[in-house]
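Written out below as structure tokens is the structure these notes cover.
The values are calculated or read from the model by the stated rules, or taken from the named source; none is laboratory data. All values derive from a computational prediction rather than experimental measurement. Note that each Cβ is placed from the backbone with ideal geometry, even for glycine, and that neighbours are counted across all protein chains shown.
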Amino acid sequence: MSRPGFTFLACPDAELIRGRIDALAKEFPASGGMGQTSYERRVFWGEEGLPPAFWEGLTLQSLMGAPKLLVVRQANKLLAEHWRNLVPHLSRFHEQAWPMFCLEVEYKRNQPSVPKHITKHKFWTFAHKQGWVWQSPGLDARGLREMISAWAKAKGLTLERGVLDTLVEALPLNAAAVHQELAKLELAAQSNGAVDQRIAALVSFTPDMDVFAFIDALQRGTTPSETWRKILKSQLSGEEMCFSFLAMVLREARILWQLLFREGGVRLPQRVLTAKQNLAKRLGPAKLARIWDLAWEAELGVKSGERSTDQALERLVAGLTELFRPPPSGYAGARRPFQGARP
């Protein structure tokens, strides 16, 4: 079976995209000179455009070199002109290059929010017809449960009764963070090959760091001191703690978004569900979307070296505080309810 000429991967979770790329490379092994069956992987970033190295990898032929995976991370940030330049190259098959475009976008109304300057091209429609577009909304509770079960089976580990439910509740809906935590549990379970509640308690994403309470307190104008104290106390863990907290913020924002638009898939105790539904309504779509922006800005700041982890977290909290700050008294844009009207 011949491999796809090119592939689109639309998912907000970069780790799930990476796993899908690995699976595709295994499903369609390379067939280059000297009998190579593995690809040479080259990674580019959409916000940096398509550099000469990308075009060289796409167009230059080599009788001896291994076929290449040309992975473009955050391809949704490529400009319209970049996609226009790609049109003639995506209209033919490249024997030694497999372009993969990672569209790391959120889902809206059960569809990935792919920019229109991408979807308007014929190559997008063609890719859909050929089955060359992989789409996933990211991890949900069901997907997380399946991931944990598959991990335990692959590692030959036994999950004792109740452990699976504990892990689904404790772990974030972020594949990279989940893999890190499961690796920790694997080491702890090496002695007898079983994961019990004592080992499950090693997960760093404990429910007592309540991000919902954190966001709710900010929105109400109060200080979320308990959660913030735990964050600061964990600063010794550096970037890992920072990215873990950002993953929890994004997870909570995704849940609130689903509840606001009644997309389904959220299963919570009724008391918790009602509280989160009320918060989602108070925030509204604009502020929920801004939470994602602030979290991504914090992550980019750390990864680019522009900010330390504590600076990134402080800016995140400052941004959230400003976002939820009520308008000043007498502000023209703040409509006062008619006296006597129902609240």
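Annotations
- Some residue of region 55-65 being assigned to a strand (DSSP E or B), within 20 Å of Pro4 (Cα to Cα) and not hydroxyl-bearing (Ser, Thr, Tyr): no
- Residue match in region 102-117 (condition: surrounded by 15 or more Cβ atoms within 10 Å (Cβ to Cβ), assigned by TED's automatic domain parsing to the domain that holds Leu24 and of a type in the set (Lys, Arg)): no
- Pair list, Cβ under 6 Å, 6 or more apart: region 241-261 residue closer than 12 Å to Ile291 by Cα and in the same structural domain as Leu313 (by TED's automatic domain parsing), other residue assigned to a helix (DSSP H, G or I) and β-branched (Val, Ile, Thr): Met248/Val211; Val249/Val211; Glu252/Val211; Ala253/Ile291
- Residue pairs meeting the criteria (Cβ under 9 Å; at least 6 apart or on separate chains; first closer than 20 Å to Arg145 by Cβ, in region 179-193; second in a helix (DSSP H, G or I) and of a type in the set (Lys, Arg)): Leu182/Lys155; Glu186/Lys155; Ala189/Lys155
- Lone qualifier among Glu95, Glu81 - being more than 21 Å from the chain's Cα centre (by Cα), part of a loop (DSSP other than H, G, I, E, B) and surrounded by fewer than 17 Cβ atoms within 10 Å (Cβ to Cβ): Glu95
- Check on Leu202, assigned to a loop (DSSP other than H, G, I, E, B) and modelled with pLDDT under 90: yes
- So Val178, is it over 30 Å from Trp83 (Cβ atoms), more than 24 Å from the chain's Cα centre (by Cα) and surrounded by 18 or more Cβ atoms within 10 Å (Cβ to Cβ): no
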